[in-house]
Amino acid sequence: MKKFNIRKVLDGLTAASSSSSSAAASPQSGNRENDMIQETLQSEHFQLCKTVRHGFPNQPSSMAFDPVQKILAIGTQSGALRLFGRAGVECYCRHESGSAVIQLEFLVNEGALVSALADDSIHLWNLRQKLPAILHSLKFNRERITFCHLPFQSKWLYVGTERGNIHIVNVESFTLSGYVIMWNKAIELSSKTHPGPVVHISDNPMDEGKLLIGFECGIVVLWDLKSKKADYRYNYDEAIHSVAWHHEGKQFVCSHSDGTLTTWNIRAPAKPAQIITPHGKQPKDGKKPEPCKPILKVEYKTTRAGDPFMVLCGGLSYDTVGRRACLTVMHGKSTAVLEMDYPIVDFLTLCETPYPNDFQEPYAVVVLLEKDLVVIDLAQIGYPIFENPYPLSIHESPVTCCEYFADCPAEVIPALYSVGSRQNRQGFSKKEWPISGGNWGQGTLSFSEMIITGHADGSIKFWDASALMLQVLYKLKTAKVFEKPRGKEEKSSTEIVDEDPFAIQILSWCPESRVLCVAGVSAHVIVYRFSKQEVTTEVLLEVRMQCELTEVESPECGGEPASTVSTPGTSSSPQTSLPQSHPSTSSNNSSDGLRDNVPCLKVRSSPLKQSAGYQVELLIQLVWVSGEPPQPITSLAVNSAYGLVAFGNGNGLAVVDYLQKTLLLNVSTAELYGSTDPHHRQPHSPRKTRQPSAGEQTTKRKLHLLTNNHNLCMLSVWVLVFVLFCPMSLLVLFVVHSYDRSRSSSVTSIDRESREVISSFYFCDWLSKKSETVAVPSLWVGTSLGSMLAIALTVPSTPEQRMQQPVGVSFLRLKGGILRMAQLDASGTLLPHVYESWYEPNAPEEEKERPRRRRPTSPPSQENPDCQYAVVCSEKQAKVVALPSQNCVYEHNITETSFVLRADMVTLTAGVGIACFCANGHIMTLSWTQMKKWTAPELNI
């Protein structure tokens, strides 16, 4: 993943007011009574910094392990270091130069680490303090570093160079000792040419005064440090990649570029004692095996009770084209080839003893891959892997959506952990994680945090983010609801995406009630309820949306503007279809052979066993219409207090009662406005459609999804996929992933301006009229063209009435542009969303306790009839509207050169602000009372 800069982001925010009149705060005339709310935010409230980094190290390049303290260090190509211990112990530090880390060496059991960089510098890190720091550095100016070796319990560091020389560094003073092993002295007359760079250095396990030096050309030299001369020289025709000692110090093994392993006796330099090609085909005529791919690394570990282990990577036959990277474990006469999901960067064998002159007794192999860390258990049959406790699997399947929640109810995380710990994890080793060093610090926050990620394979992961390290609490697989085709020939013709048809696109979660709602790329919405009991669902209900809509003619652009506020009594009653049982199992085709009334995915027909945790409550699918696929779902919201879920796309919106399994509302965007469209837009379609004749008055429509007209995430354009703002504090969470494949083509500016899409929802209680004293339930709807509308809801008051009486709707209209909406009370405090507390949905009726949470709203006073504020943020503007008068109190043009990608209201210690992330990489925060802008300087990610 490439490093990039986001200019003017985060650290050291400074106050800055826009000098232009368009960017300046503009309190509206007639609303001076709202100035009683004092400005409380200052520049010192925005001194932000990085706190923690989650996920797998980007572009790893090297690895080291301390066998005594049991700490693992990983270096990256960007100069970063990640230290890992037991679960929950992790540290991140970085070299200022940013050069790649080519090698790491621990000072075993001393709390120190030596790093060698690609810029020919070596550094000594002190790990005995809270934040690791560099104690000493040494720079090589005339020679390039290729290999380093630090013997166990030694103060001498051996540094090999590209010229073939070896320099010796005193680790205590971190200075050159002056002892240099020159390449010409090492090889003498054994070769007439330069031997190449030093690729290996190691000391004899039985005699630390004997140094084994491997040159790239295939020459190995056993050097006597005291006599300053070579004892033996070993020649082989193929280039050397690595060398490994037998613990007795009488033999060593070399890996070569032709896929062979040569075993040498130190006192017999004439020829190898053994030559083997682990993956080569042995000819019957006794000739030399065919060459294989290079063996990049080999390790030779002995045991007391049995045969030694030989672990190597590479060496596969050249005819295995397209085969994944493999790690080979040779033990006695058995050879196990373990395939990896990603290319192997490095591996280390973990042994019971740190002493090289004793039986090593290997028990595990740590394999560093390009995008994963795997630990293999050598003590169990079949070599199972250990279950990784680190949050490195965030991108196990590409992240397609992400949400952040702070100050969750205290019982939510234990409940998710309880059901998650019972999920079957088969195939893992039964032993504990072997990297177990370090101690837990005091990094836990005073409030609980959670991150929920949706993935391309349809899975959803719940993460505990309260501590410095993420922890997986629970994993949900949404694809279990649907039937999976066994092969390409069985793939349904109604699927609208070639790959990842179950990918999660949007999710909405209510922490208090634990209701989860997800929308997928195949135009489906699933509502989940949390239960601690296991159930078996015989039939999954689906809600089909279909309505007969009259085609609305928009007025001409030159017409007079119509009123933007409709009467409270207007309502819509489209013809809706009733819930059906498995209608997706049969496809309906129109007379001309086009796919019609068919969903994109086929629902499972067999009973679905649902374990404790999240269980399917309702499945909603959009269908094909006259050969046209459904359109992408662009917005989603669920509310447990009302029992409603709302979602929308480029054609309109729908509101579903998930308690009674009924469709309440299904209207197109044009019908929302009726004949009073405030923008006077001409109807726009992304596809060519047949013009209706003069006699045709209606057009049959359904909400549908077009995969080639809207860019859902712009994953191929931005490496920075998600920016999430914490509602409790101005904490910004970046989710970075190199998922290059976009799910659809990019949106042109013309399409973005001309086609109106439902972009956001917000459930709340509000005062719709000045005469009202009690807030009523409503749904605020925001569109991509900057319109905000309110849909009034009539929700039965008691749980018994709620399950028997229908929910009523009516339309109201507000002014403003929409990307994010929030609600404040008269004092400027951010109002929480309305919700219903969680109860066990599968408990007997007499045991169910369903307390409904509703926040009271004080009646407006005569002095100030507006007792609520609506904060609305669009791609260009932010507005504060007083309710119920609908007067614009404050307005601010956020940006003129770019547009806002994501915005949210955040509560700081001193007040409430608006945080915005713009497409040009800027993060801006606005004070809602004065619309004063605070900008941020540069931050590197």
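The gain in end-to-end length when the Ser137 to Lys609 segment is fully stretched comes to 163.9 nm, 0.36 nm per residue minus the alpha carbon separation. Rounded to the nearest whole Hz, the Karplus-based 3J(HN,Hα) values (6.51 cos²θ - 1.76 cosθ + 1.60, θ = phi - 60°) of the range 84-91 follow the sequence 10, x, 5, 4, x, 10, 7, 9, with x at glycine and proline.
Could you rank the peptides 172-185, 102-115 by their average count of other C-beta atoms within 10 Å per residue, with the highest value first?
Taking the mean over residues of other Cβ atoms within 10 Å, the ranking is 102-115, 172-185.
The fraction of Cα-Cα pairs per 10 angstrom bin, counted from 0 for the range 61-203, comes to 11, 42, 32, 11, 3, 0 percent, rounded to whole percents.
Which order do the peptides 404-415, 467-478 come out in when sorted by mean C-beta neighbours inside 10 angstrom, highest first?
Working: 404-415: 17.1, 467-478: 20.3.
The peptides rank, most packed first, as 467-478, 404-415.
In this Cβ point-charge picture (+1 for Lys and Arg, -1 for Asp and Glu), the range 129-253 has a dipole of about 420 debye about its Cα centre.
Which order do peptides 382-394, 193-205 fall in by mean Cβ count within 10 Å, highest first? Could you put the intermediate results ahead of the total?
On the way: 382-394: 17.5, 193-205: 20.1.
Going from most to least packed, we get 193-205, 382-394.
For the range 64-139, the spherically averaged projection of the C-alpha convex hull amounts to 4.5 nm².
Under 5 Å between amide hydrogens, built in the peptide plane, is the criterion, and for Thr146 it picks out Gly160, Thr161, Glu162 among residues at least 5 positions away or on other chains. Since only Leu117, Gln69, Leu104 are under comparison, the one whose Cα sits farthest along the positive direction of the charge dipole of the range 64-139, derived from C-beta charges on Lys, Arg, Asp and Glu, is Gln69. Using a cut-off of 28 Å between Cα atoms, the listed pairs Lys185/Lys287; Lys228/Lys288; Lys431/Lys461 include Lys185/Lys287; Lys228/Lys288 as exceeding that distance. Given in Å, the Rg to one decimal and the Dmax to the nearest whole number for the Cα atoms of the range 161-303 are 15.9, 59. Our compactness index for the range 146-202, the C-alpha radius of gyration over the empirical 2.2 N^0.38 Å, is 1.18. Computed over protein heavy atoms with a 1.4 angstrom probe, the accessible surface ordering of Lys293, Lys281, largest first, is Lys281, Lys293. Under conditions of 25 °C and 0.890 mPa s, the range 273-315 yields 200 µm² s⁻¹ as its translational diffusion coefficient, taking Rh as the Kirkwood radius over Cα pairs in the Stokes-Einstein equation.
Overall shape of the range 202-252 was characterised from the C-alpha gyration tensor. The equivalent ellipsoid obtained from it has semi-axes of 18, 14, 8 Å, in decreasing order. When +1 charges are put on Lys and Arg Cβ atoms and -1 charges on Asp and Glu Cβ atoms, the dipole computed for the range 64-139 relative to its Cα centre reaches about 280 debye. Taking max minus min of the alpha-carbon positions on each principal axis, the range 301-389 gives extents of 40, 33, 23 Å, largest first.
The values are calculated or read from the model by the stated rules, or taken from the named source; none is laboratory data. It should be emphasised that the depicted structure is a prediction, and the values quoted were computed from it without experimental measurement. Virtual Cβ from ideal backbone geometry, glycine too; neighbours counted across all protein chains shown. What goes into the accessible areas is simple: the full protein's heavy atoms, side chains included, and nothing from ligands, DNA or RNA. Shrake-Rupley method; radii C 1.70, N 1.55, O 1.52, S 1.80 Å.
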